[in-house]
Amino acid sequence: MSKLMRLLIPQKLKYRLFAAFVFLILLPFCALNLYNYQRIESLVQKKISQQSHYQLEQMYRTLEDQISIAFKTLIFLKQDETVKSVLTHPEQQSGLENKRRIENIFKNLNNSFFLYNPSVYFMILDLYESAYTSYPPRESLIYKDLRESPGFDRKLMNPSSYHWVPNDSNYVLRDVSTSAYLLSLYAYLENTQNKPYGMARISIDYSYWLQSIHKQSDLQQQYFIISHTGEDISQSVPKSSLPEQVKARIAEHPQQQYFIDKASNSLINYIYVESLDWYIVNRIPQSVLFVEIEELKRQYFITFFALMGIFLMMTFVIATTITRPLSHLQNKMKAAVQKSLKIRLPEHKFRGEILDLTRTFNTMLDDTNLLIQKLKTEERQKEAVHFQMLLAQTNPHFLLNTLNTIKWIAIREQNEDITNMTLSLGKLLEASLNTDKDLIYLKDEIGLVQAYVHIQQVRYRHKFEVTCEYDEDILYALVPKLSLQPLVENAIIHGIGPLPGNGLIEIKVYREGPGTLIVEIKDNGVGIEQSKLKRTERRRPGIGLSNIEERLRLLFREEGSMDILSSDQGVTVRFTLPFLLSTPYGTEHPA
């Protein structure tokens, strides 16, 4: 997984900046725009659907109005005395006069009720084989065929002697209307005694009506009239039809009002005409609906991607201006390593934060070079000190071998004082030759002090006494090697030596708190001031106190310190160091 992430995520900074802009700004912004456009399309679709459905409702009301007007026209014909007179007594006037009178009535009806819809046709039959129409037929009408039309079947009519035929076959108006079917109102004209004196047929050409509405529409939409069983009744565009799946969906969801037909990419709106058991369907191609939006979207995205391209180029240039100095700095760092840091960056080429970074880099190189020079100097000093230490070790070895020779001569001559002095001096020399250890046990350090005191007792003829006071549980505490012996030496030489009488040196070691060890060396000598007055000129400076103080600083830093208290009654030297217990104490002397 981590390898895949390393492959997918760019490693260079400028490519990371570029990818961050693309994935965190550009792509989310594009997705947001697409989402907003989809919302706009949905809102436009919903708005147009509502408008289209409102138009269908207007069409429905218009159709209902025409049906209502046709019914009113039928009532007018029934109540018109002229119509009744012509149909009841056709012999009173000539055939041409009767025809003229009926045609004038038809003309008045069209002017009164159907002024804006010329696709309404009237036909009246009397019971004497005469027929009158509002349209001029090209062929003579056969009265018998008209009288035997299925629409005039009394069994199909209601008690009021009329009924509607939604799918009336256009066998009479073929020369006038190209529609295959008409919406016709068939009725018998009856007198007050309910005796028929004629028949009327009022036909509405709904195909012409649909086509006229289609011509008035601004959009390239189509209108259809289908029955509840899915049968095509009429369409605004000749030879057009609805797919069967659309008809099935309309039949399954008669109250849905509109939906999207993905097969034809069209918006389907429909309304149910309950009185006729019809559906008026409106189909609008979505390409027509969203042609302006698609053009606007295309122009927007062309502009957007052009600006984004320019912005990406600028981002890449800006990222390059940032990363190029960093790459240059990286290369200079590699060159600095190869050339032993002997290199500098030109500061005049950069500005702003890069200039500060360049100056910091040059300062770092300067400081590093100074540190390297200092380390080299210290290394040379250490080598010189090491050489001096190696040189100094040859003399103690020679002295130790000489002491061993003296020791065996003293043993052979049975001189105990010389034997003991050589043994004590050899012990001190062996401790000084062992340079591997800086810290030793307190008990070993006290042993070295005792060896040194034994030598000085012979020299000063037992003029002084040395006492040691400590607890048994700190015998394995770690102290600096040869830290007590120089202090005891100073006390003997500078304090007890000039003293007229006998002297006393007290060594006291104790713990102070859980982590501090205190070492005190106290003498009753002449003190530091008197010692300076009686001191003779020495060939080499003393190193005892300064040596111990420096070793305490090197070994324990701030945790090690040394204090000197002087008076006429002697000198007390106290040094403090951390309390460290070695492993032998834990194994041999359990707490």
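The values are calculated or read from the model by the stated rules, or taken from the named source; none is laboratory data. Keep in mind it's a predicted model, so treat the numbers as computed, not measured. Please note: Cβ atoms are built from the backbone with ideal geometry, for glycine as well, and neighbour counts cover all protein chains shown. Heads up: the accessible areas ignore ligands, DNA and RNA and are worked out on the full protein's heavy atoms, side chains in. Shrake-Rupley method; radii C 1.70, N 1.55, O 1.52, S 1.80 Å.
Determine whether Gly515 is farther than 18 Å from Val573 by Cβ, among the small types (Gly, Ala, Ser) and touching a residue at least 40 places away in the same chain (Cβ under 8 Å). Reasoning before the result, please.
Details: farther than 18 Å from Val573 by Cβ: yes; among the small types (Gly, Ala, Ser): yes; touching a residue at least 40 places away in the same chain (Cβ under 8 Å): yes.
Criteria met by Gly515.
Residues in segment 251-270 that are closer than 23 Å to Lys47 by Cα, surrounded by fewer than 21 Cβ atoms within 10 Å (Cβ to Cβ) and without any contact (Cβ under 8 Å) to a residue 40 or more places away in the chain: His253, Pro254, Gln255, Gln256, Phe259, Asp261, Lys262, Ala263, Ser264, Asn265. Taking each residue of segment 302-320 that is within 10 Å of Phe18 (Cα to Cα) and looking for partners that are at pLDDT 80 or above and open to solvent by less than 90 Å² (accessible area, probe 1.4 Å) with beta-carbon atoms closer than 8 Å, six or more apart or interchain, yields nothing. Based on this model, can you work out whether Lys215 counts as among the charged types (D, E, K, R) and either at pLDDT below 80 or more than 16 Å from Met123 (Cβ to Cβ) (or both)? Judged against the criteria, Lys215 is a match. Counting only residues that are among the hydroxyl-bearing types (Ser, Thr, Tyr) and either assigned to a strand (DSSP E or B) or within 55 Å of the chain's Cα centre (by Cα) (or both), segment 186-207 holds 4 of them.
For segment 208-230, a tally of residues being more than 18 Å from His53 (Cα to Cα), open to solvent by less than 90 Å² (accessible area, probe 1.4 Å) and part of a loop (DSSP other than H, G, I, E, B) returns 1.
The residue that is nearest to Asn420 (Cα to Cα), among those in segment 448-484 that are surrounded by 15 or more Cβ atoms within 10 Å (Cβ to Cβ) and of a type in the set (Lys, Arg), is Lys463.
Checking each residue in segment 16-51 for being exposed (fewer than 12 other Cβ atoms within 10 Å of the Cβ) and among the hydroxyl-bearing types (Ser, Thr, Tyr) picks out Tyr35, Ser42. Look at (1) open to solvent by 40 Å² or more (accessible area, probe 1.4 Å); (2) outside any loop (DSSP other than H, G, I, E, B); (3) at pLDDT below 80 and you find that Arg61 fails only one, number (3). Annotation: Ile48 fulfils all but one of (1) β-branched (Val, Ile, Thr); (2) assigned to a helix (DSSP H, G or I); (3) at pLDDT 90 or above; the unmet one is (3). Applying the set (1) farther than 26 Å from Pro150 by Cβ; (2) surrounded by 15 or more Cβ atoms within 10 Å (Cβ to Cβ); (3) without any contact (Cβ under 8 Å) to a residue 24 or more places away in the chain to Pro285 leaves exactly one unmet item: (3).
Scanning segment 64-101 for residues that are not in a helix (DSSP H, G or I) and not charged (D, E, K, R) turns up His89, Gln93, Ser94.
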